[in-house]
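Note sheet for the following structure.
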Ligand code: NDP
């Protein structure tokens, strides 16, 4: 039986890494990308190889159509198909919207939203030709309700949520599922870089589950989502410990 394949963008650490490891455990062929974190990417590759799974790594900017075209073209050459695309690469920035420069917020929109459009635009024709595929976008609850001091990020993730629903309608006739997991607060570098220990405690107390989720828990949710019938499509599922 041919092995199933998955491409996870932004998988040199955090949520992307956990997703890649989860699917490696299940025997998938894994492709992972990062923009600049070569060392992280190589470490994750070693972890995957030690699980007797295969792994290809790419340094590629998910916000660049040219970079992602090259990645996906190479994967198709080697594997012949992509079964699962997880659009996970993303950046965050905390601060008043008016303190961001146009370059800053353009960068957030490019990395967090355009990247998703680019990867889908490139991968979808290969999925449609086989009438199978599964796209999972890692989004945020801030894309549902908006967050103060994360206005550009909220706009990008809100765009990801609407795009997920719209693309799902286009692709349902081809049997391809498109869903988003809108995460609450996950314990990764993204938060550790921005929050002090006191802020982490304060935020944890606001979450009914009483804590941040681990990247491994997100990966389990993605694994479950990928296992559903393609009829489950167009959903933006909040994964937030009851936060919203
Ligand atoms: P991390 O900062 O831990 O990891 C981000 C990953 O994305 C890294 O591998 C990074 O590699 C990569 N990346 C960033 N920019 C690009 C780019 N332009 N092209 C390719 N890769 C890129 O973040 P998380 O694991 O926490 O976040 C993963 C996703 O989950 C993001 O989309 C984020 O918005 C979303 N999310 C996270 C939440 C959280 O609480 N942590 C909550 C809600 C959503 P490199 O350094 O090389 O760029």
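What to note about this one:
- Of all residues in segment 190-206 being part of a loop (DSSP other than H, G, I, E, B) and within 11 Å of the ligand (Cβ to nearest atom), the one that is farthest from the chain's Cα centre (by Cα): 195
- Qualifying position, being away from the ligand (no atom under 11 Å from the Cβ), in a helix (DSSP H, G or I), within 22 Å of residue 180 (Cα to Cα) and touching a helix residue (DSSP H, G or I) at 6+ places or on another chain (Cβ under 8 Å), among 7, 21: 21
A quick yes/no check of all residues on (1) closer than 15 Å to residue 85 by Cα; (2) modelled with pLDDT under 95; (3) buried (at least 21 other Cβ atoms within 10 Å of the Cβ):
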residue	(1), (2), (3)
130	yes, no, no
136	yes, no, yes
151	no, no, no
161	no, no, no
177	yes, no, yes
180	yes, no, yes
196	no, yes, no
219	yes, no, yes
223	yes, no, no
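- Check on residue 187, under 16 Å from residue 139 (Cβ atoms), at pLDDT 95 or above and within 12 Å of the ligand (Cβ to nearest atom): no
- If you filter segment 89-113 down to residues that are within 14 Å of the ligand (Cβ to nearest atom) and outside any helix (DSSP H, G or I), you find that the one that is surrounded by the fewest Cβ atoms within 10 Å (Cβ to Cβ) is 94.
- Failed criterion for residue 123 (all others in (1) in a helix (DSSP H, G or I); (2) more than 14 Å from the ligand (Cβ to nearest atom); (3) surrounded by fewer than 21 Cβ atoms within 10 Å (Cβ to Cβ) hold): (3)
- Qualifying residue in segment 209-217 (condition: outside any helix (DSSP H, G or I), over 20 Å from residue 237 (Cβ atoms) and at pLDDT 95 or above): yes
- Of all the residues in segment 44-73, those that are loosely packed, with under 14 Cβ neighbours inside 10 Å and either under 15 Å from residue 111 (Cα atoms) or within 14 Å of the ligand (Cβ to nearest atom) (or both) number 1.
- The residues in segment 154-184 that are near the ligand (Cβ under 10 Å from one of its atoms) and part of a helix (DSSP H, G or I) can be counted, and the count is 3.
- Out of 86, 116, sole residue that is within 11 Å of the ligand (Cβ to nearest atom), in contact (Cβ under 8 Å) with a residue 40 or more places away in the chain and within 20 Å of residue 4 (Cα to Cα): 86
The values are calculated or read from the model by the stated rules, or taken from the named source; none is laboratory data. Being a predicted model, the structure only gives us computed values, none of them experimental. In this analysis, Cβ positions are derived from the backbone assuming ideal geometry, glycine residues included, and neighbour counts consider all displayed protein chains.
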